1. Could you list all residues from the range 148-164 that are in contact with a Ser or Thr (Cβ under 9 Å, 6 or more places away or on another chain) and of a type in the set (Val, Ile, Thr)?
2. When you check Val45 against the structure, is it touching a strand residue (DSSP E or B) at 6+ places or on another chain (Cβ under 8 Å) and either at pLDDT below 90 or more than 30 Å from Glu170 (Cα to Cα) (or both), yes or no?
3. Looking at (1) under 26 Å from Ile98 (Cα atoms); (2) in contact (Cβ under 8 Å) with a residue 24 or more places away in the chain, which is the one condition that is false for Thr172?
4. Take the residues in the range 49-85 that are farther than 26 Å from Glu135 by Cα and over 12 Å from the mean Cα position of the chain (by Cα); name whichever of them is most open to solvent (accessible area, probe 1.4 Å).
5. Test Gly50 against the criterion of being part of a loop (DSSP other than H, G, I, E, B), among the small types (Gly, Ala, Ser) and modelled with pLDDT of 80 or more, and give yes or no.
6. Select from the range 93-141 the residues that are of a type in the set (Gly, Ala, Ser), in contact with a helix residue (DSSP H, G or I) (Cβ under 8 Å, 6 or more places away or on another chain) and touching a residue at least 40 places away in the same chain (Cβ under 8 Å) and write down the one among them that is most open to solvent (accessible area, probe 1.4 Å).
7. Which one of these does Arg90 not meet: (1) farther than 26 Å from Arg195 by Cβ; (2) open to solvent by 60 Å² or more (accessible area, probe 1.4 Å); (3) over 18 Å from the mean Cα position of the chain (by Cα)?
Amino acid sequence: YRFDDYTAHYVKIEEVIRGNDVMGIIMDVTEEFIERQRIENERDVDVLTGLYNRRGLEGRLQRMFADPDQLRHGAMLMFDADGLKDINDRYGHEYGDIYLRRIAEAIANFGARRHMAARYGGDEFVLFLYGYDSEQELNEDVRRLEKLQDIMVQLDRNISVPLRFSFGYETTEHGENYSEILRQADVKMYASKRRRKSVL
């Protein structure tokens, strides 16, 4: 409920019956609601990147996979940051954190219509694409993600580095269990990482 043009308030309405009288009690629960949202946000969101954390991602995947119709054509992509140790060693961990944020931004904002992004832990990220009308449309977006590899990003005004990551993916057509799809994407990501190491 909005009391003025600037502040949203949340109220709880309870009905109390005393004899033949019925009364309504309105309580302002704004602070309680905001605190609950803050706790949930801290629990489910990664502080460094602003993406979902592992808990936040898996909770949402569990709910989505309980209703497979909304998935349609989808894919789970697992990413691993390449070159993070080199950046930490050369510029310091503060710049390593910036590098991870740049990867998070690239993954989360690359333009897919329906997606969910998370920092899965350390230098690993997950992107879940879903709701595509066809496998062809899905594959087009996966190919566009490949082009994000090795683009130059700014760590500060004087430092630019290539954005490097390895990734693997598995489509939702290969199972209805999100944990297994994540596991398969992880296996393919590490295979990609080994190939990239042999080339770089």
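The values are calculated or read from the model by the stated rules, or taken from the named source; none is laboratory data. Note that this is a predicted model, so its numbers are computed, not measured. Because the Cβ atoms are built from the backbone with ideal geometry, glycine has one as well, and the counts that use them run over all protein chains shown. Calculation scope for accessible area: heavy atoms of the full protein, side chains included, ligands and nucleic acids excluded. Shrake-Rupley method; radii C 1.70, N 1.55, O 1.52, S 1.80 Å.
1. Correct list: Val153 only.
2. no
3. (1)
4. Result: Lys85.
5. yes
6. Here the residue is Gly121.
7. (1)
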